[in-house]
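Trainee: First the structure, then my questions, so here it is.
Please treat every number below as a calculation from the coordinates, not as lab data. Fair warning: this is a prediction, and the values are worked out from it, not measured in the lab. Neighbour counts are summed over all protein chains in view; Cβ atoms, including those assigned to glycine, are modelled from backbone coordinates with ideal geometry.
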Amino acid sequence: MDPAETRRDAVLPGALLLVNADRQGAMMLAEALQSRGYPVTTYERLPETLDDLSAPVPSAAVLDYSSLAGEAACAVRALRALSPDIRIILLSHIASLSGAVACIKAGADEFLTQPVSADEIDTLVRTGYGSAPLPSVTSLAEAARLHAHATLRGVENNLPAAARLLRVRPLTLRRLLDLPEPASADLARRRPCSAGDPR
């Protein structure tokens with residue numbers, strides 16, 4: 001039998017792979033997920049886990065974006081190659097729009113802005129395994145909007161702060177989210193310049 005087929009057949013329902021370089025944070029999340037019945041294997045980075053994941057493969061992977069050292073999209077593709085059925089959830093405090101979109105394009109199922117609770121992860125994994133799937137992201141543009149909205153909520157709707165985290169101009173973010181422009185900007189566009197106005 002093809003080794004790839006063996007790995008796919010060995011997917012464990014409920015088993016979770018957790019990758020997070022923050023040992024304390026990883027331990028707390030792992031304990032919370034274990035208390036909900038999940039066998040959890042924790043690693044600080046992904047490359048060493050790929051050697052260990054020949055069989056069996058966990059049914060879900062929860063990856064901290066910053067712990068992947070700029071290789072998040074590659075990590076997603078590698079895990080997806082191990083098992084087409086594995087559910088891949090990325091968590092991030094800070095990620096650019098391009099980074100989030102690249103991960104979704106590579107095959108990530110979810111890209112969430114932290115903090116994310118164990119209950120939220122539990123819901124995503126249970127909904128994704130052995131039942132009707134969650135509504136999928138229909139386009140990369142939608143993935144960008146979802147990540148932008150989550151980032152904006154994470155900074156209490158502070159648009160300039162969200163734009164800095166996403167590494168885009170505030171005006172670009174405002175247009176992406178279909179937000180109305182400030183009244184002052186609209187007034188400036190409509191106000192004609194008089195002879196004495198500086199240009």
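Trainee: Points 7 angstrom from Cα along the Cβ direction at Cys74 and Ala141: gap in nanometres?
Mentor: It works out to 3.2 nm between the two label points.
Trainee: Show me the ranking of peptides 67-77, 156-166 by mean Cβ neighbours inside 10 Å, starting with the highest.
Mentor: On the way: 67-77: 18.8, 156-166: 16.3.
So the order, starting with the most tightly packed, is 67-77, 156-166.
Trainee: Taking amide H atoms as placed 1.01 Å from N in the peptide plane, list the residues 5 or more away in sequence, or in a different chain, whose amide H sits under 5 Å from that of Arg87.
Mentor: Ala60, Ala61
Trainee: Same structure again: Please find the FRET efficiency linking Thr172 to Asp119, where r is the Cβ-Cβ separation and R0 is fixed at 30 Å, and quote it to the nearest 0.05. Could the numbers behind the result be given before it?
Mentor: Details: r = 33 Å, r/R0 = 1.12.
Approximately 0.35, to the nearest 0.05.
Trainee: Extension gain Gln24-Thr127, at 0.36 nm per residue separation less the Cα-Cα distance, in nm?
Mentor: Full-extension gain reported as 34.3 nm.
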